[in-house]
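A quick write-up on the structure given underneath.
Only the coordinates and a few stated rules stand behind these numbers; no lab work does. Everything numeric in this text was worked out from a predicted model, so none of it was measured. Cβ placement follows ideal geometry from the backbone for every residue including glycine, while neighbour counts extend to all protein chains displayed.
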Amino acid sequence: MTTTLATQPMSTIGSILVDSAAWYALADKSDALHREATAFLKTHLRENAWLTTHPIVMETWALINRRLGRTAAMTFWERLRSGGVALMPLDAADWEAAWRIALAFPDQDFSLVDCTTFAIMERLGIMQVFTFDDHFLVYRYGARRQQAFIRLPW
């Protein structure tokens, strides 16, 4: 995968945001979802723009470091640096939107990374997310909270 750690605005039409759950499944060959994640990546790699966010990268690095060790975490980081994944920044408006999301869903255990990811996806108009995290199925956005993200591979 060729990576562009782009922090510039870009067209997000047809883009897929890659979440920590997918990154981890790809990194851990013993993970129950590794084969499914790898197959999905191989099938869709060339047809879509791949994006992730600063918070997702930090969360994933910490998770891989804790479970698989520093070498695996550094390998993940290096692959992002040398592959084709655009890195979307978190801005002040996203922080505020994330706070409002957390307040609007008090019955959910959305993490701070989840809330900031939802905010960035809304801001950039990203509809698809490569993840195994059910929070992306629960969260709704829009004026009446009737819109949902498309969680892939399912």
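Give the calculated FRET efficiency between His54 and Trp99 to the nearest 0.05, with a Förster radius of 25 Å applied to their Cβ-Cβ distance. With a Förster radius of 25 Å, E is 0.90.
Altogether, the Stokes-Einstein calculation at 25 °C and 0.890 mPa s, with the Kirkwood radius of region 15-152 over Cα pairs as Rh, returns a diffusion coefficient of 159 µm²/s. For the pair Arg140 and Met74, label points projected 7 Å from Cα toward Cβ lie 4.7 nm apart. Using just its DSSP H runs of length 4 or more, each adding -39500 (n - 2.57), the chain gives a mean residue ellipticity at 222 nm of -15000 deg cm²/dmol after division by all residues. With both labels modelled 7 Å from their Cα along Cα-to-Cβ, the Trp154 to Glu36 distance reads 0.6 nm.
Evaluated on region 71-123, the Kirkwood hydrodynamic radius is 12.6 Å, with distances taken between all distinct Cα atoms.
Mean sequence separation of contacting Cα pairs (under 8 Å, at least six apart), scaled by the length of the chain, corresponds to a relative contact order of 32 percent.
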